[in-house]
Amino acid sequence: MVRTLCPYCGVGCGLEVVEGRVRGDRAHPSNQGMVCVKGATLMEAIDRDRLHTPMARARLDAPFRPISWETALGMLVDRLRTTLAEYGPEGICLYGSGQFLTEDYYVAQKLMKGCLGSNSFDANSRLCMSSSVSGYVQSFGADGPPCTYDDLEATDCAFVIGANAAECHPIVFNRLLRQRRANPAMRIVVVDPRPTETARQADLHLPIRPGTDIDLAHGIAHLLLRWDRLDRRFLEAHTSGFEAFAATVAHYPPETVARRCGITVDALEAVARLWAESGRVLTLWSMGINQSSEGTAKVRALINLHLLTGQIGKPGAGPFSLTGQPNAMGGREAGGLSHLLPGYRFIADAGHRAQVEAHWGLAPGSIAPQRGRTVWEMIEGLEAGEVGLFWVAATNPAVSLPDLERVRAALLRSPFTVVQDAYYPTETAEFAHLLLPAAQWGEKTGTMTNSERMVTLCQAFRDPPGEARPDWQIFAEVGRRLGFAAQFPWGSAAEVFDEYKALTGGRPCDMSGLDHALLAAGPRRWPSPAGGEADARLYTDLRFATPDGRARFAACHSRGLAEPPDDGYPFVLTTGRLYGHWHTQTRTGRIEKIRKLHPHPFIEIHPRDAAKLDLSEGEAVEVRSRRGVARFPARITAGIAPGVLFVPMHWGSLWAENAEANALTHPIACPDSGEPELKACAVALRRVSGA
Ligand SMILES: Nc1nc2c(c(=O)[nH]1)N[C@H]1C(S)=C(S)[C@@H](COP(=O)(O)OP(=O)(O)OC[C@H]3O[C@@H](n4cnc5c(=O)[nH]c(N)nc54)[C@H](O)[C@@H]3O)O[C@H]1N2
Ligand SMILES: Nc1nc2c(c(=O)[nH]1)N[C@H]1C(S)=C(S)[C@@H](COP(=O)(O)OP(=O)(O)OC[C@H]3O[C@@H](n4cnc5c(=O)[nH]c(N)nc54)[C@H](O)[C@@H]3O)O[C@H]1N2
Ligand code: SF4
Ligand SMILES: [Mo]
């Protein structure tokens, strides 16, 4: 029996692998033996359509030919050297993933930011958690979700906003439902423009208009101030910026807020009353908040409510982001975004750079002082001819980035693209010059951190197929061949972890007390300082990670959608996920049971809008935005608000004809987090007659 972690969502369920089958690990505190359909069917896809050997081609219209690792690594190292000489370090970009192990992430940071001098390592977390990262950092002084899953079973009121947890974080949602069964007075509020499975289970569902979350949060704060339902002692002792915040929310009276959000004043008052009267309030959010041109401000507006009411640092209470990918947390800890360094450090901080340079045995000044490119800036860099080498690992940007026409055009211009993936074909492989076969889950050992800061050792239990190699080993071998033998000496992932954890000592994400041997006995939550104990929750002493120890209120106004609907594009399209599928389907598209569950893409539309187009159930609709078109069979549902549409993100060009959500979306991003507004764009509809 081997213990590991589910490689899908950020719930981070512990698994046991016994004789080639997986089951939930009862000893794992996060899931206590439970798994959802994705975890349960995991084994079925791990051998299908794998990439077995490196492959290369001189031009994108030529066929790939298999090559040896020796040839592939030689080619890559030559190309890195010539790109450095011709473009400078920032001409090299590596785009990674929350599906890396922490060890993969760490070695990639050392290679890119340390040895190559390019801070342009970014991850798909930029499309996912980066607004939560910047929200936590701005409000608390450090990243890190303060809560644990035990809070799900200790809360009186779960405020679920912009998250379809029943489908996307099923085991977290199960634990919440378990709490409501145990404590019938407990309430679940769901704020989502769609009638999701999560909303159907709610005691109160607020179907707000997309992009009005800040209005809603400020509207709640306005009422709490009016009713004088504040925790004044907490406010005065532990926060800053209250006056400016109070002045801001004065502009959000209930009538205005209800109108903007498209809900009734009664509904607004009902939710504000729950905030006022519940002993313990837990806010859970995910992409409906983060994927927004004001994502950071949305996160801070939610945190404001916790500061106003002192709902933090105690069981059952606090702001709790639900992490998307299995190791997006570990990625943040290891510095896996273009403005970060390992141990929750920042590129912009000269002291932080010096600490990391010293740890890496590199000369002072090796790490460049400016942040690197975000993934969208990498695309712009390709367009401008400023990027000479684009290296993609464990993500499928030819499906998951916004404005795909523009992305594809940029990829076609790329002088040299490396795609390091476990599967072949993928949509992004079409744009590669060099393919590197990666070992995936079960074939490499290393650690992942889930949403509740629980670090789990994922143990290998099978050999990689063909010549596939763990990502960290690929990065390390490239580093050695570039002349950095001393920097990449490790023989095992356990040694990588030991070097990495030393960089977390004394930092908020301290895991200096952990190692692989200890984790083999069971998962551990950080902070885990060497030789010390720490509370399970962050900020139980109500001292925050800011210089004055106070959490900061944000006084931001709601700006609404970056691309609001208008006469030419009168609908708001939102995008998201389905219970069975995982992202771009590289695994789940190859599993019969899941294909049956979700056989084809679709668009959700309100009956009134469908009637205007004379559209009946299942008929094809053409959806057009300023950037592209796609077609979907209509799914008519009274639950969705009129004027709002929904399409799932899962169908790229390999899996359906012309049904890409991201053909339509735009890249306008939050100025603080760089996270694009994947949740809303303006579109027009046309019935496709005879289809
Ligand atoms: N089954 C499944 N589970 C997954 C994944 C998967 O691919 N499949 N992926 C994982 C990953 S990486 C992630 S990031 C998470 C995402 O998890 P979630 O964020 O829960 O999933 P989404 O479907 O992307 O979006 C959630 C909801 O946001 C709503 N929404 C849209 N616009 C707004 C708005 O303006 N305000 C509010 N309040 N809500 C809005 C949408 O209607 C949608 O129901 O799921 C993880 N879990
Ligand atoms: N319209 C719209 N677009 C979105 C979103 C949305 O809600 N709406 N959500 C965004 C979000 S939150 C996310 S997280 C992204 C996800 O988007 P992607 O990251 O593009 O999606 P995945 O299909 O998970 O891609 C992971 C890739 O890594 C490969 N892989 C798996 N394991 C390994 C490994 O160990 N090593 C290597 N090298 N490869 C491996 C898989 O085969 C797959 O090709 O999509 C974003 N795009
Ligand atoms: S809830 Fe998430 S981590 Fe748990 S089994 Fe399902 S996909 Fe895997
Ligand atoms: Mo995500």
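Summed over segment 545-594, the residues that are within 30 Å of Leu654 (Cβ to Cβ) and either assigned by TED's automatic domain parsing to the domain that holds Arg260 or crowded, with 16+ Cβ neighbours inside 10 Å (or both) give a count of 25. Taking every residue in segment 38-61 that is at pLDDT 95 or above and pairing it with any residue that is of a type in the set (Ser, Thr, Tyr), at least 6 positions away or on another chain, the pairs with Cβ-Cβ distances below 6 Å are Lys38/Tyr8; Asp49/Tyr423; Leu51/Tyr424.
Among the residues of segment 165-193, those identified as within 16 Å of ligand 2 (Cβ to nearest atom) and in a loop (DSSP other than H, G, I, E, B) are His169, Asp192, Pro193. The criterion of at least 3 residues that are more than 16 Å from ligand 2 (Cβ to nearest atom) and not basic (Lys, Arg) is met by the following strands (runs of 3 or more DSSP E) wholly inside segment 1-66: 14-18.
For segment 616-623, the condition holds for at least one residue, the condition being that it is within 26 Å of Pro207 (Cα to Cα), hydrophobic (A, V, I, L, M, F, W, C) and buried (at least 21 other Cβ atoms within 10 Å of the Cβ). Among the residues of segment 261-290, those identified as within 16 Å of ligand 2 (Cβ to nearest atom) and part of a helix (DSSP H, G or I) are Met287, Gly288, Ile289, Asn290.
The selection criterion, being under 20 Å from the mean Cα position of the chain (by Cα), of a type outside the set (A, V, I, L, M, F, W, C) and surrounded by fewer than 24 Cβ atoms within 10 Å (Cβ to Cβ), does not hold for Glu197.
The residues in segment 239-252 that are buried (at least 20 other Cβ atoms within 10 Å of the Cβ) and not hydrophobic (A, V, I, L, M, F, W, C) can be counted, and the count is 3.
Filter segment 651-670 down to the residues that are without any contact (Cβ under 8 Å) to a residue 60 or more places away in the chain and not hydrophobic (A, V, I, L, M, F, W, C) and list them by number. Scanning segment 651-670 gives Glu657, Asn658.
Could you please find all residues in segment 667-691 being part of a loop (DSSP other than H, G, I, E, B), within 16 Å of Val399 (Cβ to Cβ) and within 15 Å of ligand 1 (Cβ to nearest atom)? Leu678 - this is the single residue of segment 667-691 that is part of a loop (DSSP other than H, G, I, E, B), within 16 Å of Val399 (Cβ to Cβ) and within 15 Å of ligand 1 (Cβ to nearest atom).
Beta carbons closer than 6 Å, at least 6 apart along the sequence or on distinct chains, never pair a first residue in segment 377-394 that is outside the structural domain of Gly91 (by TED's automatic domain parsing) with a second that is among the hydrophobic types (A, V, I, L, M, F, W, C).
Among the residues of segment 207-238, those identified as among the hydrophobic types (A, V, I, L, M, F, W, C) and surrounded by 24 or more Cβ atoms within 10 Å (Cβ to Cβ) are Ile208, Ile214, Leu216, Ala217, Ile220, Ala221.
Please enumerate the residues belonging to segment 265-288 that are within 16 Å of ligand 1 (Cβ to nearest atom), closer than 16 Å to Leu216 by Cβ and touching an Asp or Glu at 6+ places or on another chain (Cβ under 7 Å). Gly288 - this is the single residue of segment 265-288 that is within 16 Å of ligand 1 (Cβ to nearest atom), closer than 16 Å to Leu216 by Cβ and touching an Asp or Glu at 6+ places or on another chain (Cβ under 7 Å). Taken over segment 647-666, the residue count meeting the criterion of being assigned to a strand (DSSP E or B) and crowded, with 22+ Cβ neighbours inside 10 Å is 1.
Residues that are out of contact with any strand residue (DSSP E or B) (no Cβ under 9 Å at 6 or more places or on another chain) and more than 16 Å from ligand 3 (Cβ to nearest atom) within segment 154-200 comprise Arg181, Ala182, Asn183, Pro184, Ala185, listed in sequence order.
As a summary of the residue check, Ala85 satisfies the conditions (1) more than 33 Å from the chain's Cα centre (by Cα); (2) assigned to a helix (DSSP H, G or I); (3) under 13 Å from Leu434 (Cβ atoms) except for the one numbered (3). Residue count for segment 88-119 under the criterion of being in a helix (DSSP H, G or I) and under 26 Å from His583 (Cβ atoms): the result is 10.
Summed over segment 477-494, residues that are out of contact with any strand residue (DSSP E or B) (no Cβ under 6 Å at 6 or more places or on another chain), in a helix (DSSP H, G or I) and surrounded by 14 or more Cβ atoms within 10 Å (Cβ to Cβ) total 7. Just to verify a result, which residue in segment 136-164, among those that are in a helix (DSSP H, G or I) and touching a Pro at 6+ places or on another chain (Cβ under 8 Å), is farthest from ligand 2 (Cβ to nearest atom)? Residue satisfying both the conditions and the ranking: Asp150. Taking into account only those residues within segment 121-142 that are in contact with a Ser or Thr (Cβ under 6 Å, 6 or more places away or on another chain) and of a type in the set (S, T, N, Q), which is farthest from ligand 4 (Cβ to nearest atom)? Out of the qualifying residues, it is Ser134.
The values are calculated or read from the model by the stated rules, or taken from the named source; none is laboratory data. From a predicted model like this one, the values you see are computed outputs, not experimental measurements. For neighbour counting, all protein chains shown are included, and Cβ atoms are generated from backbone atoms with ideal geometry for every residue, glycine included.
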